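Data block below; observations after.
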Amino acid sequence: MLRVSAQVTETEIDLQGVSGDALAAAVGVQYGAELMQFAESFALRDEEALSVARKTLLDTAGASVLVDAAGVAANFQRMVRIADSMGIPVDDMASEVSQSVRRELELTRFESAKNSFVSP
Amino acid sequence: MDNFQYSDSPYAVRADISAAHDKFWQNLARPGNWWTGAERIAIAKEVRNALDCEYCANRKQALSPYNFAGEHNHDGDLSDVAVDAVHRIITDQTRITGAWVDGNVEKGLSKGAYVELAGLAVAMLSIDEFHRALGLALEPLPLPLPGEPDGYMPALAQEGTGFVPMLPDNGAVGDEADLWGDRSANVVRAFSAVPNAVRDWIMISNAQYLSFEGMSDFGSPANRSINRMQIELVAGRVSSINECFY
């Protein structure tokens with residue numbers, strides 16, 4: 001979805017921001033580095049780093065950005081667990097955009113990729 | 001609205017987020033299709049226990065999570081198979097297999113009950129995690145309401161996608177007509193054996209992420225302080241760390 005939204009808005013981004021590269025996260029995305037570091041410390045459950053990242057995002061972008069980012073981050077703690085606990089495959093493995101993202105981020109290394117490659 | 005006032009929050013929380021969380025709390029306390037209100041709240045408690053469970057932490061480091069001796073940190077209000085299901089969904093979801101879900105049926109956890117349990121667990125986690133992200137105290141759980149589960153499963157639910165029965169793409173009809181339109185996605189259909197789990201899913205996602213309509217806006221979705229690229233950068237980083245292939 002990050003790639004699609006960048007394409008639709010004709011914005012140059014660097015997808016490696018999703019992999020934790022702060023410089024890449026800042027390419028084309030306002031507060032990209034701060035948002036990525038907030039999301040990262042949150043998902044890693046590193047409470048000390050989260051406290052720092054929360055304050056940095058608050059000071060840099062403001063409270064409404066922090067609250068909206070918290071909502072999204074918390075929501076995506078749920079989505080992976082829905083997919084993996086129910087064993088659902090990716091809807092459209094043939095999509096060109098999703099194939100290129102999977103290649104670029106090497107997503108097939110993830111254990112749950114098995115749910116999208118099993119025979120019906 | 002009695003819950004989720006966020007009066008301890010140093011930041012203003014959007015009213016639609018408070019309302020969605022409060023509505024889920026009300027739903028949590030009621031009997032569902034497969035669990036009583038008290039059991040549903042016990043499932044919610046196990047979500048919180050799982051995050052501090054030493055057995056879960058050790059098992060996550062094991063090569064195989066299916067032959068690892070030990071006992072979960074739990075409240076004793078649910079069967080062992082239900083406790084393990086909640087803890088596994090919260091702490092080691094990538095290694096869940098269809099064989100494990102099938103094996104749980106023989107231990108008394110039907111697929112309908114598993115879907116409802118999973119729906120509650122992940123909704124609960126999403127709300128608690130919103131609090132953790134903002135450094136806020138967790139909301140006290142509601143008191144259970146009386147009543148028995150009704151055992152309802154939509155007649156059109158069928159095996160064939162993933163580990164559990166689901167409604168097909170064109171199966172949102174009759175009492176389930178509100179779940180989606182002509183087409184859906186697997187992640188929406190995933191809980192459709194328990195329709196209210198899908199409704200809770202959509203309600204919380206509408207507030208914390210985007211509505212279905214909002215998902216088609218790749219610019220600056222309404223009622224949000226961050227644009228779509230910012231939203232997806234956060235979503236992508238969390239999903240990457242969680243090893244989400246989907």
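Bear in mind these aren't lab numbers, they're just calculated from the coordinates by the rules spelled out. Keep in mind that this is a model prediction, so the values were computed, not measured. Positions of Cβ are generated from backbone atoms using ideal geometry, with glycine treated the same way; all protein chains shown enter the neighbour counts.
Some notes on this structure:
- Residues A:108, A:56, B:161, sorted so that the one with the fewest Cβ neighbours within 10 Å comes first: A:108, A:56, B:161
- Summed side-chain charge close to residue B:37 - residues other than residue B:37 whose Cβ falls under 10 Å, Lys, Arg +1, Asp, Glu -1: 0
- Order by protection proxy (mean Cβ within 10 Å, highest first), peptides B:36-48, B:136-148: B:36-48, B:136-148
- Intensity falloff of the stretch B:138-246 expressed as log10 I(q)/I(0), Debye formula with alpha-carbon point scatterers, at q = 0.15, 0.20 Å⁻¹: -0.85, -1.16
- Over chain B: helical MRE at 222 nm, DSSP H runs n ≥ 4 each giving -39500 (n - 2.57), nearest 500: -14500 deg cm²/dmol
- Gyration tensor (alpha-carbon) shape descriptor, the stretch A:15-73, a/c threshold 1.5: oblate
- Mean Kyte hydropathy of -0.5 or more with a Cα span along the axis of at least 18 Å, helices from DSSP in chain A: A:47-61, A:63-86
- The equivalent ellipsoid that matches the C-alpha gyration tensor of the protein assembly as shown spans semi-axes of 30, 24, 21 angstrom, in descending order.
- When Rg and Dmax are taken over the Cα atoms of the stretch B:15-208, they come to 16.4, 47 Å.
- Residues A:1, A:79, B:229 arranged by fewest to most Cβ contacts within 10 Å: A:1, A:79, B:229
- Computed from label points 7 Å out along Cα-Cβ, the spacing between residue A:49 and residue A:22 is 1.1 nm.
- For B:87-99, mean number of other protein chain Cβ atoms within 10 Å: 4
- Electrostatic tally near residue B:231: other residues with Cβ closer than 11 Å to its Cβ, Lys and Arg +1, Asp and Glu -1, net -1.
- Under 11 Å, Cβ to Cβ, from residue B:165 - net charge with Lys/Arg +1 and Asp/Glu -1: +1
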